[in-house]
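Chemist: Input: one structure, supplied below.
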Protein chains: 2
Amino acid sequence: MRKNFEINSLDRVSIIGVGLLGGSIGLALRAAGFTGTRVGVGRRASSLRKALACEAVDEVTRDVAAGVARAQLVVLCTPIGRFEGLLRGMAHALMPGTYVTDVASTKVKVVRLAGRLLPGTVRFVGSHPMAGSEKTGVEFARADLFERSLCLVAPGPKTPPAAVRWIRGFWEVIGGRTLTLTPREHDDLLARVSHLPHAAAAALVNLSVRESAIELAGPGFADTTRIASGSPAMWTDIFRTNRRAVIKAVDRLINELSTFRRRLDRDDADAILKWLTASKEARDRWISRRYKSKVLPP
Amino acid sequence: MRKNFEINSLDRVSIIGVGLLGGSIGLALRAAGFTGTRVGVGRRASSLRKALACEAVDEVTRDVAAGVARAQLVVLCTPIGRFEGLLRGMAHALMPGTYVTDVASTKVKVVRLAGRLLPGTVRFVGSHPMAGSEKTGVEFARADLFERSLCLVAPGPKTPPAAVRWIRGFWEVIGGRTLTLTPREHDDLLARVSHLPHAAAAALVNLSVRESAIELAGPGFADTTRIASGSPAMWTDIFRTNRRAVIKAVDRLINELSTFRRRLDRDDADAILKWLTASKEARDRWISRRYKSKVLPP
């Protein structure tokens, strides 16, 4: 894969939104041997100063058109709610042949938006690097954030295969492993293993607050609900840009819980034991595969 | 509290079931200065040999009546499914005035069973030390397992207050903090902050296995579902002995998820943002209280 991406064929990369992810891309590019210019684009002068101080980028600007001009690669790292304005703002300033990608957690709307707003001469391929944490801000950026992480790549229906290979090469150069999916596959699968668990965690916390039940919660509860401490604004965007798939996933969970409830109501010990055993075995197998393949750190 | 419990007024303590929790009680008693005899009662000779090798107990027997004879304190640490047989087996052998407690995760059925099967001369007080992990077996036992952990104490309606104070003193001597609840309060609250999250985690794993969605799951999913790797047999017991409260908790979760689903369906960004913000703030406040009070380790 990697041969399609030549880091030294680039001399200018533009990172729009220099927080944890954007900053880590800047640091990772430098660590991978990129010798060109990393341009940071942001809204607040204070954030841009911090990004320069962290050496995550080499130049900064608050003007998106100026920021993307002459770049061969543009990576959108802002909240998804700002994509429309940014894509409109950069469309006329991009050089023909420029690669554009992003790091948002949903892909159908992003790929559709880029297809609608960017000129046909630009090569857009959606990305979703599964790295990061609840921490936000360039001060937490790390050159090795993508090391061994899984980066999902979601091209649109008309994206040339060579552009997909190039973007995969980019993520692989900074340490990630890549997997290509359609935007629809991506959003359906992520609804189930990421967006649904987030909704469940938020629901469990909100229920536990009533009559102060949470005061009796222990370390198991802390783990189960950890993701509920993520950014409410970011997660509102994720849910809203993946509404249909999340609704379907919530329906599946309600259905699964209703089945468990019925088995418990008729005290069906065998069915409950089988259900819990299936779950334990599936999780244990998955965890041991993760450790073994080292796709992701434990 | 502690003044009601004099560790050196005891010369014989019987631990029924010497696994992670039972073994840790044995080690913690010795570490707290207990100089009498710790008797381990178990079913398998191999487990009892391991318990002796770990120095978690001083004597072992497979005969429950012999094991509890002359003990001033008996602690039941087996799966709850064996309690009925054990209580029947020990009833005639207990000295008048002996304290009996347990470590099971549900309390209504246990307290009722003990009230029915033990003679009135014996002082039974239910306990639930909120310590342990997915690990099982005496080889993981630790003298400091209960250090700073919360031990819930659930007396029956006729338990004398002095017996409750004595059992609280016992947990406090081995490092725990105690809180007294009725068995009903205990089971209702635990259904919400422990049993319900477990059911949700198992449901999320079982859903994620279909079409291999789990292969895209990341570290957030691993945390959210960690508890689903717990013992299926133990959790079947917990659910079955707390059926009504768990069913009510599952209904609440289904209701909460249905509300979220409705808001998402009508794309109500404000309501979703508020719900996620409430959840994040409640969890962050709870986590900071846990750290500050040091009730439980982070």
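Chemist: Among DSSP beta bridges whose residues both lie in the protein assembly as shown, state the antiparallel percentage, nearest 5.
Modeler: For the protein assembly as shown, the DSSP antiparallel bridge percentage is about 15.
Chemist: Then there is this: Placing +1 at every Lys and Arg Cβ and -1 at every Asp and Glu Cβ, with all other atoms neutral, what dipole size does the protein assembly as shown have around its Cα centre, in debye to the nearest 20?
Modeler: 520
Chemist: Right, another one. So if each residue of separation counts as 0.36 nm, and I subtract the Cα-Cα distance between residue B:244 and residue B:274, what length gain in nm does that give?
Modeler: Difference between extended and current length: 7.7 nm.
Chemist: Would you be so kind as to identify which of B:103, A:71, A:273 lies farthest towards the positive end of the dipole of the protein assembly as shown, taking Lys and Arg as +1 and Asp and Glu as -1 on Cβ and the Cα centre as origin?
Modeler: The residue sitting most towards the positive pole is A:273.
Chemist: Now, a different point. Full extension from residue B:135 to residue B:266: what is 0.36 nm times the residue separation minus their Cα-Cα distance, to one decimal in nm?
Modeler: 42.7 nm
Chemist: List, shortest first and in nm to one decimal, how far the label point of residue A:9 (7 Å from Cα along Cα→Cβ) is from its counterparts in the other copies.
Modeler: Output for residue A:9: 8.3 nm, nearest copy listed first.
Chemist: Considering only the other residues whose Cβ falls under 13 Å of the Cβ of residue B:139, what net charge follows from Lys and Arg at +1 and Asp and Glu at -1?
Modeler: +3
Chemist: Towards the positive end of the charge dipole of segment B:186-266, with charges on Cβ (+1 Lys, Arg; -1 Asp, Glu), say which of B:197, B:233, B:254 has the farthest Cα.
Modeler: Checking the options against the dipole of segment B:186-266, the answer is B:254.
Chemist: Taking the simple approach of a point 7 Å from Cα along Cα-to-Cβ for both residue B:31 and residue A:70, what is their distance in nm?
Modeler: Here the answer is 6.5 nm between the modelled labels.
Chemist: Projected onto the charge dipole of chain A (+1 at Lys/Arg Cβ, -1 at Asp/Glu Cβ, origin at the Cα centre), which of A:32, A:222, A:166 gives the Cα projection farthest towards the positive end?
Modeler: Positive-most Cα among the choices belongs to A:166.
Chemist: List A:80, A:227, A:167 from most exposed to least, where exposure is judged by having the fewest other Cβ atoms within 10 Å.
Modeler: Ranked by crowding around the Cβ, least crowded first: A:80, A:227, A:167.
Chemist: Filter the trypsin sites (Lys or Arg not before Pro) in segment B:1-52 down to the DSSP loop ones having no more than 13 other Cβ atoms within 10 Å, then list what survives.
Modeler: B:43, B:44
Chemist: If you don't mind, there's one more thing I want to ask. Within 10 Å of each residue's Cβ, count the other Cβ atoms and sort B:188, A:58 from fewest upward. Display every interim value, and only then the final one.
Modeler: Details: B:188 20, A:58 16.
Fewest-to-most ranking of B:188, A:58: A:58, B:188.
Chemist: Over segment B:2-181, what is the percentage of antiparallel beta bridges among all DSSP beta bridges, to the nearest 5? Walk me through the numbers on the way to the answer.
Modeler: Details: 4 of 26 bridges.
Looking only at bridges with both residues in segment B:2-181, the antiparallel portion is about 15 percent.
Chemist: Quick one: if the Förster radius is 51 Å, what FRET efficiency do residue A:211 and residue A:91 give, using the C-beta to C-beta distance and rounding to 0.05?
Modeler: Here the calculated transfer efficiency is 0.45.
Chemist: Taking the protein assembly as shown on its own, what percent of its Cα-Cα pair distances exceed 32 Å? List each step's numbers first, then the result.
Modeler: On the way: 94230 of 177310 pairs.
For the protein assembly as shown, the fraction of Cα-Cα distances above 32 Å is 53 percent.
Chemist: Could you work out how far apart the two model spin labels at residue A:58 and residue B:251 are, taking each label as a point 7 Å from the Cα in the direction of the beta carbon, and quote it in nm?
Modeler: So the label points at residue A:58 and residue B:251 sit 6.6 nm apart.
Chemist: Now, a different point. GluC sites (Glu not before Pro), restricted to segment B:1-65: which are DSSP loop and have at most 12 other Cβ atoms within 10 Å?
Modeler: Filter output for segment B:1-65: B:6.
Chemist: Calculate the dipole size of segment A:186-266 relative to its Cα centre from +1 charges on Lys and Arg beta carbons and -1 charges on Asp and Glu beta carbons; express the result in debye to the nearest 20.
Modeler: So the dipole magnitude of segment A:186-266 works out to roughly 340 debye.
Chemist: At residue B:233, with labels set 7 Å past Cα in the Cβ direction, how many nm apart are the copies from this one, shortest first?
Modeler: Result for residue B:233, in nm, nearest copy first: 5.2.
Chemist: Round to the nearest 0.05 the FRET efficiency obtained for residue A:8 and residue A:234 when R0 = 25 Å and r is the Cβ-Cβ distance.
Modeler: The calculated FRET efficiency here is 0.15.
Chemist: Please work out the FRET efficiency for the pair residue A:49 and residue B:285, using the Cβ-Cβ distance as r and a Förster radius of 35 Å; give the result to the nearest 0.05.
Modeler: 0.65
Chemist: What are the label-to-label distances in nm, one decimal and shortest first, from residue A:182 to the same spot in the other copies, with labels 7 Å along Cα to Cβ?
Modeler: Result for residue A:182, in nm, nearest copy first: 5.8.
Chemist: A follow-up question, please. Using the Cα centre as the reference, give the magnitude of the dipole from point charges on the C-beta atoms of chain A (Lys, Arg: +1; Asp, Glu: -1; all else neutral), rounded to the nearest 20 debye.
Modeler: Computed about the Cα centre, the dipole is about 680 debye.
Chemist: So which DSSP H runs in chain A come out at 24 Å plus along the axis (Cα) with average Kyte-Doolittle of at least -1.0?
Modeler: Once both thresholds are applied, what remains is A:243-265, A:269-293.
Chemist: May I ask you to order B:70-79, B:213-222 by the average number of other C-beta atoms within 10 Å around their residues, highest value first?
Modeler: Numbers: B:70-79: 22.0, B:213-222: 20.5.
Most protected by this proxy first, the peptides run B:70-79, B:213-222.
Chemist: How about segment B:103-136: which trypsin sites (Lys or Arg not before Pro) there are in a DSSP loop, with at most 14 other Cβ atoms within 10 Å of their Cβ?
Modeler: Those that pass, being in a loop and sparsely packed, are B:135.
Chemist: Here is a further query. Counting other C-beta atoms within 10 Å, which of B:266, A:283, A:290 has the fewest, and how do the rest follow? Write out the running numbers ahead of the final one.
Modeler: Values: B:266 8, A:283 26, A:290 19.
Listed from fewest to most nearby Cβ atoms, that is B:266, A:290, A:283.
Each value in this text was obtained by applying a stated rule to the coordinates, not by laboratory testing. What you see is a predicted model; the values in this text were computed from it and never measured. When we count neighbours, we look across all protein chains shown, and the Cβ atoms used for this are built from the backbone with ideal geometry, even at glycine.
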